[in-house]
Amino acid sequence: MSDPQPPSRPGGTPHAHHLLLYGGDEQFLAAALPFTRDGLAAGEPVFIATSRYNTALLKQHLGPRAEQVSFAPAHWHRTPAQALLAFHDQARTVQGPSRVLGEPPWAGLSDDQAREWIRYECLLTLALASTGAWHLCPYDTRTLPAGVLHAAQLTHPTLTTGTAHRPNPAHIAPEEFSAACDSVPLPGPPAHSEHFRFDGPQHLAQLREFTARLARAAALAPDRIDSLLICVDQAATTAVRHGAGGGHCRIWTTADEVLCEVTDPHGTLNTALAGYLPPATAHLDGRGLWIIRQLSDATDIRSSTNGTTIRIRMNRRRPTTPP
């Protein structure tokens, strides 16, 4: 695979997704300030979604020009799927080039959550490819785990230091990287999980009732129950229409989550990107998986010759601020 070429200006190529590794305020500002100022000088919209500390740092050094920058609302990065769609839609609504400085929230993530945010970074390259957006991703080498920093080297086509940009020889194609994320096996459902078998469309209403009863017992909020029911219905309907004609569902709870797993014993997926990008931007196996990823807090999909399993995760605790 030939090395991608860095863009000469924002949106100059479909690879305008840059990695900034910084070890202090000076290194961060050496890249972030000219990135922002040059965008404003060119009349390009600039959007900032970074940590509170870095937001305050940029506002301080931009001075009055900070009024011309759009800063992300709280919980912009609530889930990888929602952030991916938000950045994609924002870039497509802008006439001409735009600039985004986006820094995912890495603190306090479980291994599963961190893996999905790492996958999000590789998919961001594809989501921005048809837009005029230039996305700069800062990574703090002082605080981030070595695994996250290593993955960042694999998910960004271009490296930035100050105002210099160079191709990243370590970059891996998003399709290949996403498939590698799915090579991590899921732990099996616990012995106490509840089980429901569905053998056709006549059982879907009973499946929804089964799901709603267990979600209410887990004290899931009513609107989250509605979202879970839509997700389960989409997964089961796909199995009925396009797979084995039926399947089975298992539901269990932890202190933090309600987990619902729908398995189609004959269904397979032919893309590692299924359900991640908006349907209009990629050839996906229908809209069901995309809807599931948007409404859930996380979704794991594993597909093999033994069928396809969709594991839907819903947080039992609400975020302190609505997304």
Practice task
State the percent of C-alpha pairs, over all pairs in the stretch 178-323, separated by a distance greater than 24 angstrom.
Solution key: 27
Exercise for the section: Express in nm, to one decimal, how much length is gained between Gln95 and Ala217 on full extension, taking 0.36 nm for each residue of separation and deducting their alpha carbon distance. Expected result: 39.1 nm
Exercise for the section: Rounding to the nearest 20 debye, state how big the charge dipole of the stretch 93-245 is about its Cα centre with +1 on each Lys and Arg Cβ and -1 on each Asp and Glu Cβ. Expected result: 160
Fill in the blank from the handout: Inverse of <1/r> over all distinct C-alpha pairs of the chain, i.e. the Kirkwood Rh in Å, gives 20.9
Exercise for the section: Work out the FRET efficiency for Arg65 and Gln202 from their Cβ-Cβ distance, taking R0 = 45 Å, and round it to the nearest 0.05. Expected result: 0.10
Exercise for the section: Report the charge-dipole magnitude of the chain in Debye, nearest 20, computed about the Cα centre from +1 at each Lys and Arg Cβ and -1 at each Asp and Glu Cβ. Expected result: 480
Problem - Whole-Å distance, taken between Cα centres, linking the stretch 148-163 and the stretch 70-101 - result: 19
Exercise for the section: Please compute the Cα-Cα pair-distance distribution of the stretch 71-142 with 10 Å bins starting at 0, giving whole percents from short to long. Expected result: 18, 55, 24, 3
Handout entry: FRET efficiency for Ser51 and Cys181, using Cβ-Cβ distance with R0 set to 30 Å, rounded to 0.05
Key = 0.75
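What order do Asp182, Asp140 take when sorted by accessible area (1.4 Å probe), most exposed first?
Asp182, Asp140
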Handout entry: Karplus (6.51, -1.76, 1.60) ³J(HN,Hα), θ = phi - 60°, over the stretch 86-99, in Hz, Gly and Pro reported as x
Key = 5, 5, 4, 5, 4, 5, 6, 8, 8, 7, x, x, 8, 10
Practice task
Calculate the radius of gyration of the Cα atoms of the stretch 60-206 to one decimal place, then report Dmax, the largest Cα-Cα distance, as a whole number, both in Å.
Solution key: 19.2, 63
Handout entry: For the stretch 244-273 versus the stretch 176-193, the gap between their alpha-carbon centres in whole angstrom
Key = 11
Handout entry: Charge dipole of the chain about the Cα centre (unit charges at C-beta), most positive-ward option of Ala41, Ile251, Ser193
Key = Ala41
Handout entry: Relative contact order of the chain, defined on C-alpha pairs under 8 angstrom at six or more residues apart (%)
Key = 19
Completion exercise
For Ser130 and Ala191, extending 7 Å from Cα along the Cα-Cβ vector and measuring point to point gives, in nm, a value of 5.0
Exercise for the section: Starting from the amide H of Ala244, placed 1.01 Å from N in the peptide plane, find each other amide H under 5 Å away whose residue is 5 or more places distant or on another chain. Expected result: His266, Gly267
Problem - Sum of -39500 (n - 2.57) over DSSP H runs of 4+, divided by residues of the chain (222 nm, nearest 500) - result: -12000 deg cm²/dmol
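Could you tell me what percent of the DSSP beta bridges with both partners in the chain are antiparallel, to the nearest 5?
60
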Practice task
Could you check how many percent of all C-alpha pairs in the stretch 215-272 are farther apart than 13 Å?
Solution key: 64
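The values are calculated or read from the model by the stated rules, or taken from the named source; none is laboratory data. Just so you know, these numbers come straight off a predicted model, no measurement behind them. Note that each Cβ is placed from the backbone with ideal geometry, even for glycine, and that neighbours are counted across all protein chains shown. Keep in mind that these areas ignore ligands, DNA and RNA; they rest on the heavy atoms of the full protein, side chains included. Shrake-Rupley method; radii C 1.70, N 1.55, O 1.52, S 1.80 Å.
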